[in-house]
Amino acid sequence: MAANDQLSLFDTDTDFAFSLSSDVEKTLNKLARADGTESRGAVFTRVEVVEFMLDVVGYVADAPLHRKTVLEPACGGGDFLLPMIDRLVASWQSSQPEKDNVVGDLGDALRAVELHLITFTDTRQKVIGHLADKGIDPVSAEALASRWLRQGDFLLEPFTQHFDFVVGNPPYVRQEYIPAPLLAAYKRRYATLYDRADLYIPFIERALTLLSQNGTLGFICPDRWMKNRYGGPLRALVARDYHLRIHIDMVGTNAFLDEVSAYPSIIVFERSQSEPHSQSRLTRIVRKPKIDRESLSTLTRELCSKHVVKNSEVQETTIQTNGMSPWILESSDRIALLRRIEREYPTLEEAGCKVGIGVATGADKAFIGRYDDLDVEDDRKLPLVTTKDIQSGEVQWRGNGIINPFADDGKLVDLDSYPKLRGYLEQRKDRIAGRHCARKNPANWYRTIDRIWPSLTKRPKLLIPDIKGEAHIVYDSGHFYPHHNLYYVVSDEWDLRALQAVLLSSITNLFIATYSTHMRGGYLRFQAQYLRRLRLPKWADVNRKLRTRLVEAGRARAIATCNQAAFDLYEISRSERHVIGMDGA
């Protein structure tokens with residue numbers, strides 16, 4: 001579908017028509033009756049976190065909630081819905097002395113959607129019982145439940161109103177688990193369902209567009225979209241019409257009733273007309289708060305205060321938004337240091353270094369084995385280095401090799417010229433030819449996914465594993481070909497031992513921690529897209545004495561020594577060292 005045919009909420013403040021095909025309706029009916037919670041992405045939030053989120057967005061009982069509107073997009077068993085009702089009814093009861101028209105007063109104040117039929121039915125009964133406990137008569141309780149609750153798909157359900165508050169926990173469903181008819185329907189309607197975006201991304205898009213002017217959205221959901229490629233369209237939407245007021249990193253906290261594999265955060269958006277760079281566009285940031293009522297109550301006061309409290313765990317910064325570019329959620333001092341380095345120095349590749357990734361085969365068990373046991377011609381195999389070979393910080397080769405079907409010019413070799421290679425590959429043809437890349441091009445069935453350039457084996461290089469808590473940079477003097485779980489850096493200009501010292505330093509960690517998505521356990525992604533953001537002086541501009549210090553630091557791999565040399569390389573001041581936590585370095 002052409003881009004201009006997409007029925008995107010990006011371009012409208014009113015709901016569009018949701019005409020559904022019979023395939024979509026059948027899929028929705030099947031999902032509505034499915035067993036289990038995993039396929040629906042259901043994750044249950046602790047009550048302390050729910051109450052905290054409602055407080056932070058301003059949905060509180062001493063506000064006139066009966067004159068406001070609130071939406072819960074995926075209400076499940078009522079984790080958010082029931083506390084919302086508590087606050088709504090309490091607000092109404094304290095401000096309406098007559099209390100004789102509860103349905104008329106509250107009927108439009110709340111909407112909640114749930115796809116799963118059994119869950120919806122159970123939650124509806126909970127709501128009715130909850131209202132009865134608060135003194136609402138049975139007829140009115142039934143009427144309110146009917147007005148408030150909808151059984152359906154939030155992404156496809158039509159709405160005729162906007163909301164002052166949207167609060168909840170959108171479903172955690174990967175795109176590959178969404179049935180094809182439903183995925184196609186979503187993609188027609190949501191521009192943010194881009195690349196490999198998960199289901200919570202269009203949930204955020206739709207929730208944002210349903211906000212009234214000055215409305216507030218509070219979700220607990222992954223925050224990887226703020227930096228990953230798939231989050232680009234959502235970042236662009238937010239930058240255009242909304243403001244991220246609060247971001248709370250919840251990774252490693254007990255925010256949910258069960259342990260989840262997602263990387264959660266609490267995000268609070270508002271729809272406002274303030275200027276992009278005005279004081280009101282500041283974002284307040286908290287990292288890994290304690291999950292107990294007292295701590296969260298204190299945190300609420302600090303987040304909602306007019307000014308950030310001194311010595312608070314709340315930080316305040318301005319997010320630089322530029323279309324689909326990644327967002328930086330760091331303190332203003334760290335951002336200032338990062339921007340200063342970016343202004344003054346070229347990128348890693350502009351400084352004469354090249355970043356690459358090792359070879360992916362699509363069938364490692366066929367292409368990879370013990371080097372000495374690979375029964376092919378000697379020039380058809382290469383010694384292979386993997387993450388397990390470099391755990392110590394030096395290459396300690398375990399003896400694996402990889403089959404090389406490519407000639408030096410990058411073309412596949414003629415198997416007729418290599419009878420041993422032909423025999424080896426033919427014995428494993430079912431596994432090799434069954435790969436997607438081989439089915440697309442049957443004539444080249446024996447190629448690896450990535451082209452192998454044999455000359456890289458003998459070239460000195462720095463090897464960098466993808467996922468690490470801090471930089472792990474290993475020097476290979478030119479003996480091995482890297483596996484796809486390793487990135488590498490080569491250079492014809494920089495001394496690689498000196499570069500090793502720079503990449504091991506806190507300067508590199510500053511860049512990677514800023515631009516990378518954060519993994520569970522505090523791990524970072526040292527991927528090519530982030531490594532290419534590093535800044536580096538030209539080697540010709542480094543004086544001889546500092547060159548020697550960098551080389552020696554790289555050989556020793558002593559982080560303190562690497563930091564000292566790198567700080568001098570970038571002319572890091574004493575105050576800037578304080579910013580990255582290296583006061584005494």
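The values are calculated or read from the model by the stated rules, or taken from the named source; none is laboratory data. Just so we're clear, the structure is a prediction, and the values are computed from it rather than from any experiment. Positions of Cβ are backbone-derived with ideal geometry, glycine not excepted, and every protein chain shown enters the neighbour counts. Accessible surface is based on the protein model in full, side chains and every heavy atom, while ligands, DNA and RNA are left aside. Shrake-Rupley method; radii C 1.70, N 1.55, O 1.52, S 1.80 Å.
Given a 1.4 angstrom probe, what's the average accessible area per residue across the range 395-530, in square angstrom?
On the way: 5890 Å² over 136 residues.
Here the per-residue accessible area is 43 Å².
Residue 98 exposes around 140 Å² of accessible area when a 1.4 Å probe is run over every protein chain in place. Between the beta carbons of residue 428 and residue 378, assuming R0 = 25 Å, the FRET efficiency works out to 0.80 to the nearest 0.05. Given a 1.4 Å probe and the protein chains as shown, residue 525 ends up with an accessible area of around 40 Å².
For the chain, the longest principal axis of the alpha carbon atoms and the long axis of helix 117-133 meet at an angle near 40°.
Counting only DSSP beta bridges whose two residues both lie in the chain, roughly 65 percent are antiparallel. Compute the angle between helix 544-556 and the longest alpha-carbon principal axis of the chain, please, reported from 0 to 90 degrees and rounded to the nearest 10. The angle comes out at about 80 degrees. Modelled spin labels at residue 396 and residue 122, positioned 7 Å past Cα toward Cβ, are 5.1 nm from each other.
Measuring with a 1.4 angstrom probe and ignoring ligands and nucleic acids, residue 294 comes out at about 140 Å² accessible. Remark: relative contact order (the chain) = 11 percent; criterion is Cα-Cα distance under 8 angstrom and separation of 6 or more residues.
Taking Cα pairs under 8 Å and at least six residues apart, what relative contact order does the range 307-405 come out at, in percent? Intermediate results must be reported in sequence, preceding the final value.
Numbers: 73 pairs, mean separation 18.2, N = 99.
Once normalised by length, the contact order is 18 percent.
The separation of the range 511-574 from the range 396-472, counted between C-alpha centres, amounts to 32 Å. Peptide packing: for 560-566, 20-26, the average count of neighbouring Cβ atoms within 10 Å per residue gives the ranking 560-566, 20-26, highest mean first. In the chain, the longest principal axis of the Cα atoms and the axis of helix 559-569 are about 90 degrees apart. Kirkwood analysis of the Cα pair distances in the range 428-585 returns a hydrodynamic radius of 17.5 Å.
Grab the DSSP H runs of the chain that are 4 residues or longer, score each as -39,500 (n - 2.57), total them, divide by all residues and round the 222 nm result to the nearest 500 deg cm²/dmol.
Details: 21 runs with 201 residues, N = 585.
That calculation yields -10000 deg cm²/dmol at 222 nm.
Summary value for the range 403-486: 25 percent relative contact order, contacts being C-alpha pairs under 8 angstrom separated by 6+ residues.
Only alpha carbons enter this Debye calculation for the chain, each as an equal point scatterer, and the log10 of I(q)/I(0) it gives at q = 0.07, 0.09, 0.12 Å⁻¹ is -0.55, -0.84, -1.22.
Using 24 Å as the Cα-Cα cut-off, could you pick out the over-long pairs in 227/288; 354/411; 68/227; 420/461; 26/126? It would help to have the intermediate numbers written out before the result.
Details: 227/288 19 Å; 354/411 22 Å; 68/227 34 Å; 420/461 31 Å; 26/126 28 Å.
Where the Cα-Cα span goes over 24 Å, the pairs concerned are 68/227; 420/461; 26/126.
Going toward the positive end of the dipole of the chain, with +1 on Lys and Arg Cβ and -1 on Asp and Glu Cβ, which of 564, 236, 151 do you reach last? Positive-end residue among those listed: 564. Solvent-accessible surface of protein heavy atoms, probed at 1.4 angstrom with all chains present, puts 147, 229, 577 in the order 229, 147, 577, largest first.
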